[in-house]
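See structure below.
The values are calculated or read from the model by the stated rules, or taken from the named source; none is laboratory data. On a predicted model such as this, the values are computed, not experimentally measured, just so you know. Positions of Cβ are backbone-derived with ideal geometry, glycine not excepted, and every protein chain shown enters the neighbour counts. When the accessible area is computed, the model is the full protein with side chains, heavy atoms only, and any ligands, DNA or RNA have been set aside. Shrake-Rupley method; radii C 1.70, N 1.55, O 1.52, S 1.80 Å.
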Amino acid sequence: MKIYNSLTRKKEELTPHTAGKLSMYTCGPTVYHYAHIGNLRTYIMEDVLEKYLRYTGLDVTRVMNITDVGHLTSDGDTGDDKMLKGAKREHKTVMEIAEFYTNAFFDDCRKLNIKKPDITEPATQCIDEFIRVISALEEKGYAYRAGGNVYFDTSKLKQYYVFGDLSEEDLEVGVREGVEEDTNKKNKADFALWFTRSKFDDQELKWDSPWGCGYPGWHIECSCIAMKNLGEYLDLHCGGIDNQFPHHTNEIAQSEAYLGHKWCGYWFHVHHLNTDNGKMSKSKGEFLTVSLLEQKGYDPLAYRFFCLLSHYRKALTFSYENLDNAAVAYKKLISRIAALIKTCGGESNEAAVNAASKAAELKKGFEQAMDSDLNTSLAITAVYDIIKADAPAAAKIAAIADIDKVLSLELISKAQAAAEADENDKNGAEDIPGEIAQLAEKRAQARKAKDFAEADRLRDMITQKGYIIEETREGTKIRKKN
Ligand code: AMP
Ligand code: ZN
């Protein structure tokens, strides 16, 4: 598989350090609020990447941190502590906030069919590890103490700005108006590894350390959690494009200073979900969540489909109109697969026997698309091509079922349900006598008028005449008693 490596700014063949195995690290959520659908775009695309790597036969181990301490509102060392902000907003403790929003994050992931990484670790569970690595950095001369805090000295590196065109001016981006710059730093690009003299008097979470009671900076947690669980050579590191600087730049600086060699081979960055006002972000106040989409009647998987229709390296603009279009296309795709399922029954045994080998052939278009820098949009076109192909329906279904292990759109199960619902509707329309249909209609009106006694009486009449009336997710169904 070829993937765009942000570090080299080239599409490169993804070759793991140990043949057949791939270690993958993902920057996890900061659990001070609900994830917005922009955050979740990043996790959806990372999920598809992970699943495709498994599909190609690699033995993937994926690790993700949960940021429950250390992340300030600016990604540098300025601004408020995000977790404290969340705790104050809801009059709860930081750990209560962390637990609530960690669960909310995984609930959203479940709704979007985002697989939970093999290992997830909250930063607050790894404090000893942070202290160990920061102490080693200090011993090696890469860290210094100033104003009670510990900083990474970026002037000790041959090259600090490793991601392309970034320079010192970019640091200004992280500094908002009215926010004091940290005057303890020797160089503008230096960053905090450990805070003891916190500017937050009411900091709830603090730990003893060689530098006094305090808490870790945000960047050190990802380096440590990755190295602890995946060893000193990491194959693939993922995150949203905004993480490239300063977060990932700092991760590389401290990990390589600590290890004394190159740390991670490939960097995968997902571009932003934007609204009309630019990047979707929590600091702007209004943001969209999966629950909100559900309340508006959207299937969360329609949002997943919407994301897959675009390449991960392009900014994606969210609007309800765009989401509606994707939702319609998703439904149509499912009904076309449902039609395939229906034709499957009428095929010869021979077609069914040959399905597996034919399916492998049919999947080639999908594999080519995914091998070419995770082109999920073309991969979906490849699914349409399979539907149209001159091949037995059983082979097409086998191919789509395999592909859906990566896309995770529930294409087969939803198509099966749609095919069954169609079949029921058809049977229902044929078998139900006019008299029963009329009674059912009267019952529906009684229910609408909240006359439940009358509705029950009509239901009993229908039952006495040998029919059963049922409320289902698709509406009221009538069938003949067996
Ligand atoms: P956070 O919870 O703020 O640490 O962010 C979690 C992940 O979402 C990170 O990988 C961010 O880079 C990513 N992210 C933040 N905003 C967006 C956005 N508007 N679109 C896509 N990804 C985003
Ligand atoms: Zn990270």
Next item on the list: For THR275, indicate whether it is open to solvent by 10 Å² or more (accessible area, probe 1.4 Å) and touching an Asp or Glu at 6+ places or on another chain (Cβ under 8 Å).
Entry: no
Checklist line | ALA257 within 16 Å of ligand 2 (Cβ to nearest atom), modelled with pLDDT of 95 or more and either outside any loop (DSSP other than H, G, I, E, B) or surrounded by fewer than 22 Cβ atoms within 10 Å (Cβ to Cβ) (or both) | finding: no
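Only one residue in PHE287, PHE245, PHE268 is within 14 Å of ligand 1 (Cβ to nearest atom), open to solvent by 10 Å² or more (accessible area, probe 1.4 Å) and in contact with an Asp or Glu (Cβ under 9 Å, 6 or more places away or on another chain), so which one is that? Walk me through it before giving the result.
Working: PHE287 fails: in contact with an Asp or Glu (Cβ under 9 Å, 6 or more places away or on another chain); PHE268 fails: open to solvent by 10 Å² or more (accessible area, probe 1.4 Å).
Residue meeting the stated conditions: PHE245.
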Margin query: Of everything in the range 48-96, what is within 16 Å of ligand 1 (Cβ to nearest atom) and closer than 17 Å to TYR266 by Cβ? Give them in sequence order.
Written below: VAL48, LEU49, GLU50, ARG62, VAL63, MET64
Check: Of all residues in the range 19-38, which are closer than 16 Å to ARG54 by Cβ and either open to solvent by 20 Å² or more (accessible area, probe 1.4 Å) or more than 16 Å from ligand 2 (Cβ to nearest atom) (or both)?
Finding: ALA19, GLY20, LYS21, LEU22
Notebook entry, point to check: What's the number of the condition GLU12 fails, among (1) within 14 Å of ligand 1 (Cβ to nearest atom); (2) in a strand (DSSP E or B); (3) not polar (S, T, N, Q)?
Noted result: (1)
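Would you say LYS228 is more than 14 Å from ligand 1 (Cβ to nearest atom), surrounded by fewer than 22 Cβ atoms within 10 Å (Cβ to Cβ) and in a helix (DSSP H, G or I)? So that I can check it myself, show each step before the final result.
Working: more than 14 Å from ligand 1 (Cβ to nearest atom): yes; surrounded by fewer than 22 Cβ atoms within 10 Å (Cβ to Cβ): yes; in a helix (DSSP H, G or I): yes.
Yes: the conditions hold for LYS228.
Only one residue in VAL94, VAL69 is within 16 Å of ligand 2 (Cβ to nearest atom) and either open to solvent by less than 30 Å² (accessible area, probe 1.4 Å) or not assigned by TED's automatic domain parsing to the domain that holds LYS185 (or both), so which one is that?
Working: VAL94 fails: within 16 Å of ligand 2 (Cβ to nearest atom).
VAL69 is the lone residue from the list that is within 16 Å of ligand 2 (Cβ to nearest atom) and either open to solvent by less than 30 Å² (accessible area, probe 1.4 Å) or not assigned by TED's automatic domain parsing to the domain that holds LYS185 (or both).
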Checklist line | Subset of the range 271-284 that is in a helix (DSSP H, G or I) and in contact (Cβ under 8 Å) with a residue 12 or more places away in the chain - its residue that is farthest from ligand 1 (Cβ to nearest atom) | finding: SER283
Next item on the list: Give the range 39-66 a look and list any residue that's open to solvent by less than 20 Å² (accessible area, probe 1.4 Å), of a type in the set (Asp, Glu) and more than 15 Å from ligand 2 (Cβ to nearest atom), or say none.
Entry: ASP47, GLU50
Notebook entry, point to check: Within the range 46-61, is even one residue under 21 Å from MET280 (Cβ atoms), of a type in the set (D, E, K, R), in contact with a strand residue (DSSP E or B) (Cβ under 8 Å, 6 or more places away or on another chain) and at pLDDT 95 or above?
Noted result: yes
Margin query: Restricting to the range 84-104, count the residues that are in contact with a Gly (Cβ under 8 Å, 6 or more places away or on another chain) and under 24 Å from THR42 (Cα atoms).
Written below: 2
Margin query: I'd like to verify a number: residues in the range 290-315 that are of a type in the set (Gly, Ala, Ser) and either more than 16 Å from the chain's Cα centre (by Cα) or surrounded by fewer than 17 Cβ atoms within 10 Å (Cβ to Cβ) (or both), how many?
Written below: 3
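Against the condition open to solvent by less than 30 Å² (accessible area, probe 1.4 Å) and under 14 Å from the mean Cα position of the chain (by Cα), how does ASN113 come out, does it pass?
Working: open to solvent by less than 30 Å² (accessible area, probe 1.4 Å): no; under 14 Å from the mean Cα position of the chain (by Cα): yes.
Against the criterion (open to solvent by less than 30 Å² (accessible area, probe 1.4 Å) and under 14 Å from the mean Cα position of the chain (by Cα)), ASN113 does not qualify.
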Next item on the list: Answer with yes or no whether ASP235 is within 11 Å of ligand 1 (Cβ to nearest atom), closer than 23 Å to VAL48 by Cβ and either touching a residue at least 12 places away in the same chain (Cβ under 8 Å) or open to solvent by 10 Å² or more (accessible area, probe 1.4 Å) (or both).
Entry: no
Margin query: Quick test for you: out of ASN65, ASN103, ASN39, pick the one residue that is over 25 Å from LEU407 (Cβ atoms), at pLDDT 95 or above and part of a helix (DSSP H, G or I).
Written below: ASN103
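Answer with yes or no whether GLU204 is assigned to a loop (DSSP other than H, G, I, E, B), at pLDDT below 95 and touching a helix residue (DSSP H, G or I) at 6+ places or on another chain (Cβ under 6 Å).
Values: assigned to a loop (DSSP other than H, G, I, E, B): yes; at pLDDT below 95: yes; touching a helix residue (DSSP H, G or I) at 6+ places or on another chain (Cβ under 6 Å): yes.
Spelling it out, GLU204 is indeed assigned to a loop (DSSP other than H, G, I, E, B), at pLDDT below 95 and touching a helix residue (DSSP H, G or I) at 6+ places or on another chain (Cβ under 6 Å).
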Note to self: If a residue must be in contact with a Leu (Cβ under 7 Å, 6 or more places away or on another chain) and modelled with pLDDT of 95 or more, how many such residues does the range 272-301 contain?
What the structure shows: 5
Note to self: Considering only residues that are closer than 14 Å to ARG479 by Cα and open to solvent by 90 Å² or more (accessible area, probe 1.4 Å), which ones fall in the range 439-464?
What the structure shows: GLN464
